[in-house]
Amino acid sequence: MLRPSAEVNEVVGGVLARAVQQSSGTIRLHAFTFASNHFHLLVWARGAALTSFMQYLRSNLSKKVGRLVDWSGGFWERRYSAEPVLDDTALVGRLRYVLAHGVKEGLVERCAEWPGLTCLPQLLGPARRLFQWFNWTKRWNKRGSEDMAGVQGRFAQQWAEPVELEVAPLPCWKGLGEAERRRAVRGLVEEVEAEARARDKPVLGARSVRAQHPHTRPERLKRSPRPLGHASTCQALRELREQYRAFVVVFREAAARWRQGDFSAPFPLFSFPPRVVPGGVARIL
């Protein structure tokens with residue numbers, strides 16, 4: 001559904017920029033890449049802001065890109081996953097992983113050749129980029145008015161609003177100058193491309209990627225388990241695992257009390273109480 005094209009990239013960029021803008025500073029975007037059927041983001045989030053940010057981003061991608069590819073309903077089969085990055089070495093490694101998309105799958109030879117939306121141009125050039133956000137609320141509010149005469153489609157320029165998308169430096173690179181950060185990014189890209197050349201396998205090519213039909217489904221889907229987190233040491237991952245186990249114990253105890261009607265039960269920070277149906281009335285829908 002996210003098959004790269006000029007139109008899709010513009011709409012995706014507008015949705016992503018709008019989602020960051022709507023977060024009012026609780027989300028910082030450090031890296032992103034959009035493949036044909038999934039995307040990756042490297043973000044800093046304050047508190048529980050990531051949940052509303054992802055809800056806004058994914059729902060608007062489904063609605064707006066869906067109009068471009070003749071699809072109604074959601075794009076995503078499962079809930080998003082968000083894994084913490086525990087140290088600076090792992091953080092740079094996650095950036096390398098994001099930049100490698102398209103090359104590591106054998107779709108293009110060079111990272112810059114990937115036709116989908118990626119943060120690479122902003123990491124190697126100006127950090128800010130303008131996209132168009134198509135304001136469908138404005139269009140709805142003007143339905144039936146004279147202004148609507150002659151305006152065709154939801155992507156008419158009348159509904160387009162410029163929105164700026166900024167890619168923030170990695171926290172561990174804040175002490176580096178702009179030239180040093182770009183040099184570090186180029187180094188990661190060169191490593192990715194050198195590994196791809198060493199495999200010595202033919203690539204599909206950007207033209208073939210763009211030629212695929214948006215509704216094409218892979219013959220086999222990769223469903224690997226998501227990691228608990230990303231770290232450069234086993235000790236850090238063990239500590240994260242113990243913290244998560246302690247979180248689960250506290251949550252289950254609070255959830256049991258909550259379901260029994262004790263709504264004073266304290267839940268762990270940034271968790272969500274289970275849904276309780278008043279009176280336990282069963283309904284047929």
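The values are calculated or read from the model by the stated rules, or taken from the named source; none is laboratory data. In this text the structure is predicted, and so the values were computed from the model without any measurement. Backbone-built Cβ (ideal geometry, glycine too); neighbour counts: all protein chains shown. We work out accessible area using only protein heavy atoms, side chains counted, and drop any ligands, DNA or RNA first. Shrake-Rupley method; radii C 1.70, N 1.55, O 1.52, S 1.80 Å.
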Margin query: Just to verify a result, which residue in region 218-238, among those that are part of a helix (DSSP H, G or I) and open to solvent by 60 Å² or more (accessible area, probe 1.4 Å), is farthest from ASP87 (Cα to Cα)?
Written below: ARG238
Next item on the list: Being among the small types (Gly, Ala, Ser) and either in contact with a strand residue (DSSP E or B) (Cβ under 6 Å, 6 or more places away or on another chain) or touching a residue at least 24 places away in the same chain (Cβ under 8 Å) (or both) narrows it down to one of ALA156, ALA206, ALA211, ALA194, so name that one.
Entry: ALA206
Next item on the list: Answer yes if at least one residue in region 26-36 is closer than 21 Å to PHE134 by Cβ, open to solvent by less than 30 Å² (accessible area, probe 1.4 Å), part of a helix (DSSP H, G or I) and in contact with a Leu (Cβ under 7 Å, 6 or more places away or on another chain), and no otherwise.
Entry: no
Next item on the list: Taking only region 202-217 into account, find how many residues are in a loop (DSSP other than H, G, I, E, B) and either on the phi < 0 side of the Ramachandran plot or charged (D, E, K, R) (or both).
Entry: 9
Check: Does VAL276 satisfy the condition of being of a type in the set (Val, Ile, Thr), in a helix (DSSP H, G or I) and out of contact with any Cys (no Cβ under 7 Å at 6 or more places or on another chain)?
Finding: no
Next item on the list: Would you check which residues across region 69-120 are in contact (Cβ under 8 Å) with a residue 60 or more places away in the chain, over 20 Å from GLU195 (Cβ atoms) and polar (S, T, N, Q) and list them?
Entry: SER81
Check: Counting only residues that are closer than 16 Å to GLY14 by Cα and either open to solvent by 50 Å² or more (accessible area, probe 1.4 Å) or in contact with a Pro (Cβ under 7 Å, 6 or more places away or on another chain) (or both), how many does region 41-55 have?
Finding: 1
Next item on the list: Determine the pairs where a residue that is more than 15 Å from VAL167 (Cβ to Cβ) and assigned to a loop (DSSP other than H, G, I, E, B), located within region 1-22, has a partner that is of a type outside the set (Ser, Thr, Tyr) and at pLDDT 95 or above with Cβ atoms under 6 Å apart, the partner being 6 or more residues away or on another chain.
Entry: LEU2/PHE34; PRO4/PRO115; PRO4/GLY116
Item checked: Unique match (being touching a helix residue (DSSP H, G or I) at 6+ places or on another chain (Cβ under 9 Å) and over 22 Å from PHE34 (Cβ atoms)) among ALA198, ALA156, ALA206, ALA194 -> ALA156
Notebook entry, point to check: Of the residues ARG78, ARG110, which single one is touching an Asp or Glu at 6+ places or on another chain (Cβ under 9 Å) and either surrounded by fewer than 20 Cβ atoms within 10 Å (Cβ to Cβ) or modelled with pLDDT under 95 (or both)?
Noted result: ARG110
Margin query: It is to be established whether one or more residues within region 92-100 are open to solvent by 30 Å² or more (accessible area, probe 1.4 Å) and at pLDDT below 95.
Written below: no
Item checked: Scan of region 37-61 for residues that are in a helix (DSSP H, G or I) and small (Gly, Ala, Ser), ordered by number -> ALA49, SER52, SER59
Notebook entry, point to check: Here is a list of conditions, (1) touching a strand residue (DSSP E or B) at 6+ places or on another chain (Cβ under 6 Å); (2) at pLDDT below 95, and GLY116 meets all of them except one; can you say which number that is?
Noted result: (2)
Check: Across region 164-186, what is the total count of residues that are more than 13 Å from PRO121 (Cα to Cα), touching a Lys or Arg at 6+ places or on another chain (Cβ under 8 Å) and either open to solvent by 70 Å² or more (accessible area, probe 1.4 Å) or among the charged types (D, E, K, R) (or both)?
Finding: 1
